[in-house]
1. So what are the ³J(HN,Hα) numbers for the stretch 122-139, from phi and the Karplus equation (6.51, -1.76, 1.60; θ = phi - 60°), rounded to whole Hz, Gly and Pro as x?
2. What are the ³J(HN,Hα) couplings of the stretch 648-655, residue after residue, when phi is run through the Karplus curve with 6.51, -1.76, 1.60 and θ = phi - 60°? Round to Hz, x for glycine and proline.
3. What residues qualify as long-range amide H neighbours of Gly289, i.e. H under 5 Å apart, gap of 5 or more or another chain, H built at 1.01 Å from N?
4. Mind listing the phi-derived Karplus ³J(HN,Hα) values for the stretch 502-516, rounded to whole Hz, using 6.51, -1.76 and 1.60 with θ = phi - 60°, and x for any glycine or proline?
5. My understanding is that a pair violates if its Cα-Cα distance is over 25 Å; which of Lys572/Lys607; Lys68/Lys216; Lys143/Lys232; Lys47/Lys216 do that in this structure?
6. Which order do the peptides 83-92, 522-531, 185-194 come out in when sorted by mean C-beta neighbours inside 10 angstrom, highest first?
Amino acid sequence: MDTTVHDPLVGHLLDGRYRVEGRIAVGGMSTVYRAVDTRLDRVLALKVMHPGLAADTEFVERFIREAKAVARLAHPNVVGVYDQGTDGTYVYLAMEYVAGCTLRDVLRGRGALAPRAALDVLEPVLAALGAAHRAHLVHRDMKPENVLIGDDGRVKVADFGLVRSVDTQTDVTGAGALMGTVSYLAPEQIEYGTVDQRTDVYACGVVFYEMLAGRKPRGGGTPVQVIFQHLKEPMPAPSAAVPGLAPALDALVARACARDPRERPADAVELLAEVRAVRDALTAEQLDGPAADTVPALPRVPAGSEEPTGVVPLPAATPPYGTAADDLPGATPPYGTAADAADGLDRTSRLAMPLPQEPGPGRARRRGAGRRGPLAVVLVLLALLGVGAGFWYVGDGRFTEVPGVLGLPQATARQKLSAAGLDSSVRQDFSLTVPRGSVIGTDPAPGRRVRSNGTVTLTVSKGPGQVRVPTVRGRSLTAARQELKAAGLAPGTVTRAFSDDVPGGQVISTDPAGGRDLAPGTPVALRVSRGAPVDLPDVVGDPVTDAREQLEDAGLKVVLAQDEVYSDEADKDTVARVSPSDGLGTGDTVTITVSKGRQEFDVPDVKGRSETDAKRILSAAGFGTRVIPIFFGDTVFSQSPGGGSRAAKGATITLWVR
């Protein structure tokens, strides 16, 4: 089902290169499209910033930063960025297109993974982050939504939109603001805004716990509750949720998620080494442990591999990344959609700084509680009150998720919205793929949250619609193309032909012909006149001045070739040839080439030779022979032209023999 009919970029050639074919996903900052690079003829994903944000320097810089950062990471487990640019109000990244799903989709479809499967996903993720860390970059937003699993089973890390150099201040996006996803923020990231490679390590530990346990380690219905647990409580062991897991897996999660960053591996490379050591130490029974009855074992990444690719089978019920979520009723939204997770904790968010917290007697007090004093306490209380009020105002009880109604008849869609407690209004538009009377799209989109009793606008199909081909005979090619576009059609291929009644450069006809009704966007071919055909006069051998006059009288433009040529047909300084010699129309250009006359060559001296030898020598030099015998001899005693003189190729040499 086409859910992109109303998107102005679909069908558009962005930056003169990228043909946008369909919308993949919509986020708060950007929209991801499936596109074709018309220069290299390859499918890719275009991440286009919402035009309203293009004036925001911070967002534009983040886009450019993502392109530059990922372009530095030539790694098979990182979603590659090919290009970055702007086209009017559109700022875009051209990225690798990954058909598949996200790790979040896998967890929703399967629940807990067997340890072997979890390690098969974790290893390529750490390999990708390790390449970033060794390039002095941190991801800052690792979570299952940003781990893509392709249809070929390869694991790739996506969305480096928050990536920064560890050599710069990376934590805030504006005064007093922190970007990240609450469930995966490290304690120092929350408390002090400190970000380095170990914050990514912490997030990977949380993701690993999620894969083993089938749920997040931190409970709580609000981000504030999760934040307090990050700061005050150690990471729970995954074996508490899934009894029977190997103790080494608990230890691996605990080390990656240590509250003190100094107790974690220094970066993803060190954590990857520890992960491989744990895998090698586990038995087959432990690797295919408690979750093995629900998840098939995955192929193991070869030990010592520098760039694990993580071959992972996909859940059959999960829609692939690159598919609009509305295409499948009840399907999980694809990577990059703006749909909220059920617990509201999976979105990358802008969080107020300082964040609400309760400093304890441990590391937090040692690192700066004494410096904050009463002012810090006041700020914390104000932030807590503000966040609490905000969550009350936007709490789950005050919002309703827009149900999926795409493709449903208008009456059925309105009934479904009404049953969800939502009002509806209707607008109509044409659609090439959705039947008349069925829903093309909704505003807000399905899965988005709206205030209870809010209104959802339904866009209902009027059918494919028809536009009439304008009559453009006699128009210039440029004007004809403009008229076709204005009518909602696409200018198609251009062919040229002679015409006795349509001047050169003007349109003779279109295919389909003017007056026909077509679907919007249909290409229309154009036939353009070359003018009336011209019979080329025969001017070879004529003086150049006379030849030019005859050709111009025939309606042709004449240019003179810079180089002259030898000619056996034209005397010196006359016309040797005219090119092209046929297929000419009025106004076409021909080139005159001037003759240097016949080319002459040295005549061999064959006096004293036998008649047979003389003929052979002259023939090899390109000359003919005529023999005049005197008496009954066999020896040449005279020749004309004489030996050493010059004659044209093919000339006849007379021989006297006695």
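1. These are the phi-based 3J(HN,Hα) values: 5, 4, x, 4, 5, 5, 5, 5, x, 4, 5, 5, 5, 8, 6, 10, 10, 6 Hz.
2. 5, 4, x, 5, 9, 9, 8, 10
3. When sequence neighbours closer than 5 places are left aside, the close amide H contacts are Arg116.
4. In residue order, the calculated couplings are 10, x, x, x, 9, 6, 8, 6, 10, 9, x, 6, x, x, 6 Hz.
5. Lys572/Lys607; Lys68/Lys216; Lys47/Lys216
6. 185-194, 522-531, 83-92
Every read-out reported here was derived from the displayed coordinates using simple, explicitly stated rules and does not represent laboratory data. Note that this is a predicted model, so its numbers are computed, not measured. Note that each Cβ is placed from the backbone with ideal geometry, even for glycine, and that neighbours are counted across all protein chains shown.
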